[in-house]
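The values are calculated or read from the model by the stated rules, or taken from the named source; none is laboratory data. If you're wondering where the values come from, they're calculated on a predicted model, not measured in any experiment. Positions of Cβ are generated from backbone atoms using ideal geometry, with glycine treated the same way; all protein chains shown enter the neighbour counts.
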Amino acid sequence: MEVTRQAFYHSALSYAIVNLKPIVPGHVLVIPNRPVPRLSDLNDSELSSLMISVRRVGRVIERAYGGDGLTIACQDGQAAGQSVPHVHFHLMPRKFKGDRFSENNDEIYSTLEASEVSLPSHFHAAHAEPLKVDADEDRLPRSLEEMEKEAIWLKGFFSEESTRVYLE
């Protein structure tokens, strides 16, 4: 499966993709272009670009999905639960009411750890490998067409004009 069809945001050194099995509506990933296993492996320019992308993508998905906040997570290293050796941030819009984790907010982290196995085993678009699917039957994998439709919709929020109006 090509990750490029899931992409909706690009900067010079990072990009964002929609998720195969989102934990909450709007759950996306922000990823540096250069595949490295740990945050400490990024150079200063890559790290700056990645964090600016996290902020920019986060603003958009929070508003686009009617969130009251965001859960932003990075499992930095295998001991932290990272199953894919490529740095990435999970961004998940959260709501006070109607959020499946509103009763037990911390439950999102164990669900996130279990979901790591459904990520591309290598994010880099030029070398994309098939996605794996985890055993959480409550979250069925989406079709490429469903993910592409969401990515196209989200891309619209990043045009220069709509981003300026939407984020101000």
**Request:** Could you tell me which of the residues V30, V60, V54 is in a helix (DSSP H, G or I), at pLDDT 95 or above, in contact with a helix residue (DSSP H, G or I) (Cβ under 7 Å, 6 or more places away or on another chain) and not charged (D, E, K, R)?
**Result:** V60
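Would you say A79 is aliphatic (A, V, I, L, M) and under 22 Å from E113 (Cα atoms)? Explain how you work it out, then say what you get.
On the way: aliphatic (A, V, I, L, M): yes; under 22 Å from E113 (Cα atoms): yes.
In short, yes.
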**Complete:** Scanning the stretch 8-47 residue by residue, the ones that are more than 22 Å from D76 (Cβ to Cβ) and surrounded by 22 or more Cβ atoms within 10 Å (Cβ to Cβ) total 3
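For V24, are the conditions met, namely being part of a loop (DSSP other than H, G, I, E, B), touching a residue at least 24 places away in the same chain (Cβ under 8 Å) and among the β-branched types (V, I, T)?
Values: part of a loop (DSSP other than H, G, I, E, B): yes; touching a residue at least 24 places away in the same chain (Cβ under 8 Å): yes; among the β-branched types (V, I, T): yes.
Judged against the criteria, V24 is a match.
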**Request:** Please determine, by comparing only the residues of the stretch 66-85 that are surrounded by fewer than 19 Cβ atoms within 10 Å (Cβ to Cβ) and part of a loop (DSSP other than H, G, I, E, B), which one is nearest to the chain's Cα centre (by Cα).
**Result:** C74
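Might you let me know whether the stretch 57-80 holds any residue that is farther than 23 Å from S159 by Cβ, basic (K, R) and either touching a residue at least 60 places away in the same chain (Cβ under 8 Å) or in contact with a Ser or Thr (Cβ under 9 Å, 6 or more places away or on another chain) (or both)? Explain how you work it out, then say what you get.
At the first step, the residues of the stretch 57-80 found to be farther than 23 Å from S159 by Cβ are 68-69, 71-80.
So of that shortlist, the ones also basic (K, R) come out as none.
No; the residues of the stretch 57-80 include none that is farther than 23 Å from S159 by Cβ, basic (K, R) and either touching a residue at least 60 places away in the same chain (Cβ under 8 Å) or in contact with a Ser or Thr (Cβ under 9 Å, 6 or more places away or on another chain) (or both).
From the set of residues in the stretch 87-99 that are surrounded by fewer than 22 Cβ atoms within 10 Å (Cβ to Cβ) and within 18 Å of K21 (Cβ to Cβ), which is nearest to the chain's Cα centre (by Cα)? Walk me through how you get there before you give the answer.
The initial filter retains those residues of the stretch 87-99 that are surrounded by fewer than 22 Cβ atoms within 10 Å (Cβ to Cβ), namely 94-99.
Narrowing further to those that are within 18 Å of K21 (Cβ to Cβ): 94, 99.
Details: R94: 14, D99: 18 Å.
Result: R94.
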